[in-house]
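Right, one structure below, let's go through it.
Computed from the coordinates by the stated procedures, all read-outs in this text should not be read as laboratory data. Remember, predicted model here, so these are calculated numbers, not experimental data. Reconstructed Cβ throughout: ideal geometry from the backbone, glycine too, with neighbour counts over all protein chains shown.
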């Protein structure tokens, strides 16, 4: 029998349109000889079409596995993963903990630092207390200002002096209650795809060549000018170190299924920094997660198959867990 795959996409986040484009690519890639496709669209007000998945075990006998394609808030932060757990449904990607930790840029950095993994110096402020004094004392300009819980470069600014910093914090605070301020790393932007549950593996890395001052939302999705290089032009030992760090980051945040780890390679020092990890990376026509796997020998359709297998394997393992005395 065909596996019934429910693709959940859209959502309330600022990455709604990216989610829709990613979902279309995944739906097109699902082999109709293997899968029956089910679509659950969430509009920008949060309404599900058709009705929402109910959080009761056994309430959805028509679904074998869920493929969430919900980038950002309410999709990549552990909230919808909790719904799937309550409904006792297998789903692709990281669980509740891995999703929540990875989504919060500050918590991700804390966890990686505890594992002695290289992260950029940063401070945080809140919407209620947006004082940037500590950032100005601890970090040199230029700086990057980001909402702590969002992706696709939404709400991110690069700033060069205090007046810009305060305006950038006000912008980022529109998208999240917590704002992270980081020392800007001048150098190269690199990415690496990771796949797996207990024994994850890393792809060949790629390099992003932005057309603007940094790889912002317009450069990623609208302008069609930024370039990418796969694999990245790195010495073999640096490539292997980047892949090692990608897997270590993935393990540190307890990611499962898939993840894309983004790096910054500082020009002045040659030091590699983990920038962030995305637990539901893009699957659009220009997205680097599937492209990196293609260059590593895994086709788009084979990647989708593997992600579904990993989801089912994890769910089977969970079934061995006792929840009562």
| message | If I model a spin label as a point 7 Å beyond the Cα along the Cα-Cβ vector, how far apart are those points for residue 79 and residue 316 in nm? | response | 3.4 nm
| said: If you restrict to DSSP beta bridges whose two residues both lie in the chain, what percentage is antiparallel, to the nearest 5? | reply: 70 percent
| query | Given the Cα-Cα distance of residue 186 and residue 114 and 0.36 nm per residue of separation, how much length would full extension add, in nm? | reply | 23.5 nm
| request: Identify which of the listed values of Cα extents along the principal axes in Å was calculated from the structure shown: [x] 64, 47, 34; [y] 84, 41, 38; [z] 60, 46, 46. | output: [z]
| message | Suppose the chain between residue 198 and residue 227 were pulled fully straight at 0.36 nm per residue; how much longer would it get relative to their current alpha carbon spacing? | response | 7.1 nm
| Expressed as cubic angstrom per residue, what is the convex hull volume of the alpha carbon set of segment 122-183? | 63 Å³
| Inter-centroid distance (Cα atoms) of segment 96-135 relative to segment 51-82, Å | 27 Å
| Counting each DSSP H run of 4 or more residues in the chain as -39500 (n - 2.57), what helix-only mean residue ellipticity at 222 nm follows after dividing by all residues, to the nearest 500 deg cm²/dmol? | -10000 deg cm²/dmol
| request: May I ask you to derive the relative contact order of the chain, considering only C-alpha pairs under 8 Å and at least 6 residues apart, and to give it as an integer percent? | output: 19 percent
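When 145, 119 are ordered from fewest to most other Cβ atoms inside 10 Å of their Cβ, what list results?
Fewest-to-most Cβ neighbours within 10 Å comes out as 119, 145.
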| request: Measure nothing fancy, just the Cα-based angle from helix 162-172's long axis to the longest principal axis of the chain, in degrees from 0 to 90, nearest 10. | output: 10 degrees
| query | What percent do you get for the relative contact order of segment 3-93 when only Cα pairs under 8 Å and 6+ apart count? | reply | 38 percent
| message | Of all beta bridges DSSP finds with both residues in segment 3-93, what is the antiparallel percent, to the nearest 5? | response | 10 percent
| field | Spin-label proximity, residue 158 to segment 114-142 - amide N less than 11 Å from point 7 Å beyond Cα toward beta carbon | value | 142
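Which order, highest average first, do 179-185, 237-243 follow once you tally other Cβ atoms within 10 Å for each residue and take the mean per peptide?
On the way: 179-185: 22.7, 237-243: 15.6.
Per-residue Cβ counts within 10 Å, averaged per peptide and sorted highest first, yield 179-185, 237-243.
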| field | segment 1-97 - convex hull of alpha carbons, volume per residue in Å³ | value | 85 Å³
| request: Pick out which of 296, 102, 22 has the largest mean-square fluctuation in a Gaussian network model of the chain, springs linking Cα atoms closer than 10 Å. | output: 296
| task | Compute the long axis of helix 16-29 from its Cα atoms, compare it with the longest principal axis of the Cα atoms of the chain, and write down the angle in degrees, 0 to 90, nearest 10. | result | 50 degrees
| request: With springs connecting C-alpha atoms under 10 Å apart, model the chain as a Gaussian network and identify which of 193, 167, 232 has the largest mean-square fluctuation. | output: 167
| field | Evaluated over segment 268-325, the Cα radius of gyration and Dmax, each in Å | value | 17.1, 58
| Angle between the Cα long axis of helix 236-252 and the longest principal axis of the chain, 0 to 90 degrees, nearest 10? | 60 degrees
